[in-house]
1. In the stretch 75-85, which residue that is surrounded by fewer than 16 Cβ atoms within 10 Å (Cβ to Cβ) and closer than 22 Å to VAL48 by Cβ is modelled with the lowest pLDDT?
2. So which of GLU193, GLU170, GLU152, GLU91 is surrounded by fewer than 11 Cβ atoms within 10 Å (Cβ to Cβ), at pLDDT 75 or above and out of contact with any Asp or Glu (no Cβ under 6 Å at 6 or more places or on another chain)?
3. Can you work out which of the residues in the stretch 1-24 that are modelled with pLDDT of 85 or more and over 23 Å from LYS94 (Cβ atoms) is nearest to the chain's Cα centre (by Cα)?
4. Tally the residues that are among the charged types (D, E, K, R) and closer than 15 Å to GLU152 by Cα, restricting the search to the stretch 167-181.
5. State yes or no: is PRO211 in contact with a Phe, Trp or Tyr (Cβ under 9 Å, 6 or more places away or on another chain), assigned by TED's automatic domain parsing to the domain that holds ASP148, modelled with pLDDT of 90 or more and surrounded by 13 or more Cβ atoms within 10 Å (Cβ to Cβ)?
6. Condition first: part of a loop (DSSP other than H, G, I, E, B), without any contact (Cβ under 8 Å) to a residue 12 or more places away in the chain and not assigned by TED's automatic domain parsing to the domain that holds SER209. Can you find one or more residues in the stretch 277-294 that meet it?
7. Checking the structure you have, find out if any residue of the stretch 177-187 is on the phi > 0 side of the Ramachandran plot, assigned by TED's automatic domain parsing to the domain that holds ASP148 and within 20 Å of the chain's Cα centre (by Cα).
8. Restricting to the stretch 52-77, name every residue that is farther than 24 Å from GLU32 by Cα and hydroxyl-bearing (Ser, Thr, Tyr).
Amino acid sequence: MGESNKKIILVGVIGAGEGASFLLEILKNNPEVRIAGLAYRSENRWAVMEAWSQGIALYSDFRKLIENDDIEMLVDVTGNPAVEDYLREGEKTKSQLLSPLGAMLLWRLLDEQRKMEQEMAKNLAEQEVLYSAGVMLASAANTKQTLDLIMESALSITGMTAGTLALYDEEKGIMQIKASVGLSKVGMPEHYEWELRPGGLTGHILSNSHPTVIADLKNERAFDTSRLEKIGVRSLIATPLKVSGKIVGILYVDDFSPREFSEREQNILSLLALQAAAAIDKAILLEKAEFMAVTDGLTKLYNHRYFVRTLEKEIRRAERYNYSISLCMIDVDYFKNYNDT
């Protein structure tokens, strides 16, 4: 049955004390139950103001409320024996009467069910993000596209707007930012790089197999986070990217206010990191293989294959846009001597 065909139970609440406040709060976003009216004795109550803000009909006399034939269920939260006796005498209302305790138990069950459904929906959405990320990463055309897809997936999972992806250069022993979202406008330099220092935050992140979480950088004492604080970052979760023990890089997701990261967010980012590390490693290897195929192993200059491919491409471009093309040939004397050295 579709959402639009679900029957909505209309409820009337008698009383404006704590019991009414509780019902108004937990039923506020419930798609199956709606409070259609609230009877009060004193209008200077939070429940009365909340009911008014939600567009719920207000009654200063509860007897007017129970005359509403559209209401299917009445809940008396006054705790007044006289009101309870009045409701149970004769057939003053066709609505089902529910005691305050019974109502709270029922609404708690409904609220728990709603939370479980929301949790399941969130889990499903996260799994869909991981699946989509895996599919897109498998078909990414190059390293840049791979990095951008990883960054997009990480932000989607956490609901955050800033993050960076840094790759590790093993030969130079440095980390370099290769993808960044939401930080350039606050002063993060493009392609920023830094060396690994013993006892530093980067080394700590890479030494762990699980994400490193800092809920508030201003309270961080173990590591120097001044560079991040200068650009406004207040919290972060950083996940190491490794393939078969080899360091690939680090995925950072940042926030500009203090924030706690749930265990589920940490676990889902760890799963994304496994996909990300393998995809990055594959993309880099493919680009290296492509580079080796079109360059000379000794001089690192482009070879004949690259020359022919590029010349054909430029000729097609000139024909398409109807402009001239020039080709310069340079004869270097005794180049073989240099090449063989």
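1. GLY79
2. Result of the check over GLU193, GLU170, GLU152, GLU91: GLU170.
3. Taking the candidates together, the pick is LEU24.
4. 1
5. Yes; evaluated as a whole, the condition is true for this residue.
6. no
7. So far as the stretch 177-187 goes, yes, one or more of its residues are on the phi > 0 side of the Ramachandran plot, assigned by TED's automatic domain parsing to the domain that holds ASP148 and within 20 Å of the chain's Cα centre (by Cα).
8. Selection gives SER60 alone.
The values are calculated or read from the model by the stated rules, or taken from the named source; none is laboratory data. From a predicted model like this one, the values you see are computed outputs, not experimental measurements. So basically every Cβ, Gly included, is an ideal-geometry build from the backbone, and we count neighbours across all protein chains shown.
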